[in-house]
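**Q** Quick one: the structure is below, questions incoming.
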Amino acid sequence: MINYTEKIPNNVDLGRDRVLQRALEHWQPAYMGWWYDMGPNESHNYEVYLRTATSVEPDGWAQFGYVKMPDYRWGIFLQPRDEKREVNFGIHKGQAAWQEVPGEYRSTLRRVIVTQGDTEPASVEQQRMLGSSCPSMYDLRNIFQVNVEEGRHLWAMVYLLHRYFGRDGREEAESLLARRSGDADNPRILGAFNEPTPDWLAFYMFTFFTDRDGKFQLCALAESGFDPLARTCRFMLTEEAHHMFVGETGISRIIQRTCEVMKENKVEDPSDVRALGVIDLPTIQRYLNFHYSVTLDLYGSDVSSNAANYYTSGLKGRFRETKLDDDHVLADAEYPVYEVVGGKIVSKNVPALTALNERLRDDYIDEIADGVGRWQRVIDNAGIPFRLTLPHKGFHREIGNFAGHFISSEGEVLSEEAWKNHEFEWLPNPKDYAYVQSLMSGRVVEPGKFANWIAPPARGINNQPLNFEYVRFN
Ligand SMILES: [Fe+2]
Ligand SMILES: [Fe+2]
């Protein structure tokens, strides 16, 4: 029997909620089994300098200290309730926000929660082997932080399933621990979460691109008329910011190091750059193209009646819904989507309600473009004539209007054969992966040391110095 208030920090009155306690009595040991099997490899005895959320107050959501990860206090936190909150969009706009699941939307809402929940353990599974090739103790601590928080995000979704969905919810919560990233028989639900994350360049790209999809999905769910979901997602967003920080600064530090070495040695040719043990910029571009395109697919079909239903029902809003200046019903509004007609990419207006996936994808692309611009400045400041670009939205897509078409990274519609001829100029090829892996054959864990292929960060975690002992291996 677990002491709930101590072991599971929460603001949902878990100590008095018998139903929830009983559900967690079964699920918590299964979760720990999953963590031991699928959590970071060989890490169970390490003491890691982690932040833990112990309350939603400004001073409580980031308590730093050494923790063995299996002892991490995965908590359940919802943003405090606003008694006056309403459903802010769709046909129920103006009603009081729902505190219980509306019967008619029960299965839809459960599906939405399960789909979000499934991504959280998936990324832990994808990243579980990376500790053995970390470029520094600082980075090792960061990946572990991301991993335990994705574990907490799973808890957040499982809380909703247990608390609001009865037996079906409990079954779904078990399935969340049974699926495995990349498994042929029982894979994770969404494509990008079944792709391998084979190296640290891929990890940083994943946290920049794919965790940011997580942010945008959470932002849309944070608008939900189902208030407990909205409040859960709002709190998760505070943690998500760190994951994207890890990705953006990770790539930025790799670019910085590459540029330094290129300047010092006056080399530009990728093979000369590789000979110096750093990652050439064209390889970074190819990784970028891959992670960007598979993440764009996560938003779903450009035109989607499901997306329209989620919105009309008040279950999933738009990015920053309440800040948008329109009727929040969208009955007559239109929105442009692209399609391929006669070998050309053309834009056409469709009812805005059906284009909500595309709209969220566009909001995401705007933010991505800003981040890529910041990476570009690192290259420009070094005076190196190389441009990082975002490929065309239709490049390498498997879902939506571009699926089945062969679009170049510049946005030309090609034949399959022509596309295949260029595939490995645009996407990482086996040699790229092998080269990047060759740089990461062992781990760098002496405090204050960094692998040759990455620059140190500007500052340490929680104002600690760079040579702080972020992980104790015991
Ligand atoms: Fe997450
Ligand atoms: Fe995340």
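Bear in mind these aren't lab numbers, they're just calculated from the coordinates by the rules spelled out. What you see is a predicted model; the values in this text were computed from it and never measured. FYI the Cβ positions are ideal-geometry reconstructions off the backbone, even for glycines, and counts take in every protein chain you see.
**Q** Tally time: how many residues in region 313-349 are surrounded by 17 or more Cβ atoms within 10 Å (Cβ to Cβ) and either of a type in the set (A, V, I, L, M, F, W, C) or outside any loop (DSSP other than H, G, I, E, B) (or both)?
**A** 10
**Q** Shifting gears a bit: Pick out the one residue from Arg274, Arg234 that is part of a helix (DSSP H, G or I), within 16 Å of ligand 2 (Cβ to nearest atom) and farther than 24 Å from Gln126 by Cα.
**A** Going through Arg274, Arg234 in turn, just one is part of a helix (DSSP H, G or I), within 16 Å of ligand 2 (Cβ to nearest atom) and farther than 24 Å from Gln126 by Cα: Arg234.
**Q** Moving on. What are the residue pairs meeting all of these: first residue in region 220-244, first residue more than 14 Å from Ser313 (Cβ to Cβ) and among the β-branched types (Val, Ile, Thr), second residue more than 16 Å from ligand 2 (Cβ to nearest atom) and in a helix (DSSP H, G or I), Cβ atoms under 7 Å, and 6 or more apart or on different chains?
**A** Correct list of pairs: Thr232/Leu160.
**Q** Here's another thing I want to ask about it. Within region 58-97, track down each residue that is farther than 18 Å from His153 by Cα and of a type in the set (D, E, K, R).
**A** Asp59, Lys68, Arg81, Asp82, Glu83, Lys84, Arg85, Glu86, Lys93
**Q** From Tyr46, Tyr72, Tyr105, which residue is within 16 Å of ligand 2 (Cβ to nearest atom), surrounded by fewer than 23 Cβ atoms within 10 Å (Cβ to Cβ) and in contact (Cβ under 8 Å) with a residue 40 or more places away in the chain?
**A** Tyr72
**Q** Looking at (1) surrounded by fewer than 23 Cβ atoms within 10 Å (Cβ to Cβ); (2) within 26 Å of Met137 (Cβ to Cβ); (3) in contact with a helix residue (DSSP H, G or I) (Cβ under 8 Å, 6 or more places away or on another chain), find the lone condition where Glu260 falls short.
**A** It fails just one condition, (3).
**Q** Please go through region 116-173 and give me each residue that is touching a Ser or Thr at 6+ places or on another chain (Cβ under 8 Å), within 16 Å of ligand 2 (Cβ to nearest atom) and among the hydroxyl-bearing types (Ser, Thr, Tyr), ordered by number.
**A** Once the filter is applied, which keeps residues that are touching a Ser or Thr at 6+ places or on another chain (Cβ under 8 Å), within 16 Å of ligand 2 (Cβ to nearest atom) and among the hydroxyl-bearing types (Ser, Thr, Tyr), region 116-173 yields only Ser123.
**Q** Here's another thing I want to ask about it. Six or more apart or on different chains, Cβ atoms under 6 Å: show the pairs whose first residue is in region 56-68 and part of a strand (DSSP E or B) and whose second is not β-branched (Val, Ile, Thr).
**A** Phe64/Arg51; Phe64/Asn462; Tyr66/Glu47; Tyr66/Tyr49; Val67/Leu50; Lys68/Glu47
**Q** I would also like to ask the following. Of Arg387, Arg374, which residue is in a loop (DSSP other than H, G, I, E, B) and either buried (at least 17 other Cβ atoms within 10 Å of the Cβ) or charged (D, E, K, R) (or both)?
**A** Arg387
**Q** Taking Phe216 as meeting all but one of (1) more than 18 Å from the chain's Cα centre (by Cα); (2) touching a residue at least 40 places away in the same chain (Cβ under 8 Å), write down the number of the exception.
**A** The number of the failed condition is (1).
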